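Peer 1: I'd like to ask some things about the structure below.
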Amino acid sequence: MRQTVIETYNVSKTFDAPLQFVFDWCTDFREDDGKMVGAEAKRHFLERTDERVVWVSKHEEGGKTVEGLRAVWLDPPDSWHLDASGDTRELGDYQLTSLGENKTRLDMVFQLSYDDPKDVRDKKEWEKEVTEEWDIYGKYLEEDYKKSGSR
């Protein structure tokens with residue numbers, strides 16, 4: 001019998017934008033969000049309410065179409081929670097903290113489940129990849145904030 005391995009990963013990112021803008025930007029899920037970081041997954045939204053956003057994510061892997069379900073529970077004004085299943089089993093908690101002067105820190109904690117211990121991703125490598133993605137998202141977020149004229 002296999003034993004599921006659960007690994008916890010932590011990533012933080014600081015943005016030059018106020019908390020409310022960061023929350024709204026990060027939780028305004030769109031079909032083309034992945035393009036910012038070069039992801040080719042397609043999103044099909046099933047539900048979008050003030051409390052929850054649910055979508056199916058599809059991508060090609062090894063010549064096969066792989067699908068996963070994403071559900072995000074929104075907890076305005078400063079946090080949200082992700083449940084991902086199907087192509088991956090991942091829980092994510094996102095917490096915003098205002099640092100004043102239009103600066104906001106996003107702290108993320110992810111728990112990934114692995115059926116095979118050989119599949120467990122190296123903590124530093126995984127966190128580095130996700131940090132690099134959020135560096136890209138951060139550039140877009142800060143650009144959008146500057147364009148908004150909300151300073």
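Peer 1: I'd like to check something: does region 60-69 contain any residue that is under 18 Å from LYS42 (Cα atoms), free of Cβ contacts under 8 Å to residues at least 40 places away in the same chain and basic (Lys, Arg)?
Peer 2: Within region 60-69, one or more residues are under 18 Å from LYS42 (Cα atoms), free of Cβ contacts under 8 Å to residues at least 40 places away in the same chain and basic (Lys, Arg).
Peer 1: Look at region 129-151 and say how many of its residues are within 25 Å of SER85 (Cβ to Cβ) and free of Cβ contacts under 8 Å to residues at least 12 places away in the same chain.
Peer 2: 2
Peer 1: Need pairs with beta-carbon distance below 7 Å; first residue farther than 18 Å from ILE6 by Cα and free of Cβ contacts under 8 Å to residues at least 60 places away in the same chain and within region 85-107, second in a strand (DSSP E or B) and hydroxyl-bearing (Ser, Thr, Tyr); sequence gap 6+ or separate chains.
Peer 2: Close Cβ pairs (under 7 Å, with a partner that is in a strand (DSSP E or B) and hydroxyl-bearing (Ser, Thr, Tyr)) amount to GLN95/SER79.
Peer 1: Still on this structure, please answer the following. Quickly run through region 102-145 and pick out the residues that are among the small types (Gly, Ala, Ser) and either at positive phi or touching a Phe, Trp or Tyr at 6+ places or on another chain (Cβ under 7 Å) (or both).
Peer 2: The answer is GLY138, and nothing else.
Peer 1: Can I ask one more? Among residues belonging to region 44-55 that are outside any loop (DSSP other than H, G, I, E, B) and without any contact (Cβ under 8 Å) to a residue 24 or more places away in the chain, point out the one that is surrounded by the most Cβ atoms within 10 Å (Cβ to Cβ).
Peer 2: Looking at residues that are outside any loop (DSSP other than H, G, I, E, B) and without any contact (Cβ under 8 Å) to a residue 24 or more places away in the chain, I get VAL54.
Peer 1: Another question about this same structure. With the requirement that a residue be under 30 Å from PRO117 (Cβ atoms), assigned to a loop (DSSP other than H, G, I, E, B) and aliphatic (A, V, I, L, M), what does region 1-39 give you?
Peer 2: Residues satisfying the conditions are MET1, ALA39.
Peer 1: Find all pairs meeting these conditions: Cβ atoms under 7 angstrom apart; at least six residues apart or on different chains; first residue within region 24-37 and at negative phi and free of Cβ contacts under 8 Å to residues at least 40 places away in the same chain; second residue polar (S, T, N, Q) and surrounded by fewer than 15 Cβ atoms within 10 Å (Cβ to Cβ).
Peer 2: As it stands, the answer is none, since no pair meets every condition given.
Peer 1: Check ASP87 against each of (1) touching a helix residue (DSSP H, G or I) at 6+ places or on another chain (Cβ under 6 Å); (2) among the acidic types (Asp, Glu); (3) at pLDDT below 90 and name the one condition it does not meet.
Peer 2: Only one criterion is unmet by ASP87, namely (1).
The values are calculated or read from the model by the stated rules, or taken from the named source; none is laboratory data. Here the structure is a predicted model, which is why all the values come from computation and not from measurement. Quick reminder, even Gly has a Cβ in these numbers, built from the backbone with ideal geometry, and neighbours come from all protein chains shown.
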